Each structure stands twice: as C-alpha cells, then as structure tokens.
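> Take this structure, written in structure tokens, and hold onto it; I'll ask about it next.
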Amino acid sequence: MKKSILSLSLVFCTILAVNAQSTTTPATVVPATATVENPNAPDLKFESETVDYGTIEHNANGDREFKFKNVGKEPLIITNCQGSCGCTVPTWPKEPIKPGASAAIKVHYATDRVGAFEKTITVNSNAKTPVKVIKIKGVVKPDPTPAAGTVTPAPATATPVASPDKK
C-alpha cells in the first residue's frame, strides 16, 4: 500500500513539474526601462562645460560661474548640483528657467589648497539629459617664499618663570 501511494505521488509531482515548464509567449512585452522621450522637454546648453581658473594665487577668489540657456520648449528645473568634494561648492537657480532664458550655476572653489586641481559638478534636472557633469580646473600657486638673505622675525616664545622654592 505504501509503495502504491508513493508511486502515485511521484507520478503526480512529475506531471506538475512537466506542466509548470510549458512556455507561453505573451502577446506584447514592454521593457520596464522603456521611456517615451518628450520632444518638448527642456534642454540645458552651457556656454562652456569646463571653466579653467588658470594659475591663481593662494587664497585668491575662487568664485566662477557656468552660464547656460534653456534651449527646450518647457521650463527647466535644476533639482540638485553636487561638487565632487567639499572644496567645490555649487549654487544653482532654484526657480524654473523659462524656454529661451539664460541663467548661471555659480561655483566656489576653496583656493587654500596649493597645487593643480580638477573637480566636477554633477547637475540634476528635468532636461533631456537629466544628469550633466561640468568641470573646473586650474593651479593654485604656493605662497611666495622670502628671498635669500631676508631675515624673518622668529616667533615670540614665552620665557619660563622660576617658581619660588617651597620649604
């Protein structure tokens, strides 16, 4: 009796497994990532996608700007701008930019860091290209060193005060 129940169970499971493997093709499959492109979407057009500071003095003015125009047919909304590190701080227009209007993203680079630099700013918006990366680059010169033979004053040091002897 046990063998017959086991045999019937095995046959039943085999039938279920075979039927589960049958293939049917759906009529239409639309990929989940398919998006319909809006022909009227705003479009961000920069005058230049790289701002070259050139060679600048240590602690010089690190403010620059990226001028752009909305060349699309709908208002452009910049949702976020992010510098690649804490030394690069962007400021962007918070209000929508109308079609045909121009605006600017201001960038401050901390010029207290000596040497060559190349940083990026990631711009997120509702434009046809929703993520755009713009760059700043340049060289910050070190502070000038004193000329040979020039005497620089030594830092003042405190003279130790003798404490009275305790008896």
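> Counting other beta carbons within 10 Å of each residue's own, what order do ILE136, ILE5 fall into, fewest first? If you can, show how the numbers build up before the last one.
Values: ILE136 23, ILE5 9.
Sorted ascending by nearby Cβ count, the order is ILE5, ILE136.
> Can you bin every Cα-Cα distance in the range 44-140 into 10 Å intervals starting at zero and give me the percent of pairs per bin, rounded to whole numbers?
Percent of pairs per bin, in order: 16, 49, 25, 10, 0.
Every number in this text was worked out from the coordinates using simple rules, so none of it is lab data. Owing to the predicted nature of the structure, the values given are computational and were not obtained by experimental measurement. Methodologically, a virtual Cβ is constructed for each residue, glycine included, from the backbone with ideal geometry; neighbour enumeration extends over all protein chains shown.
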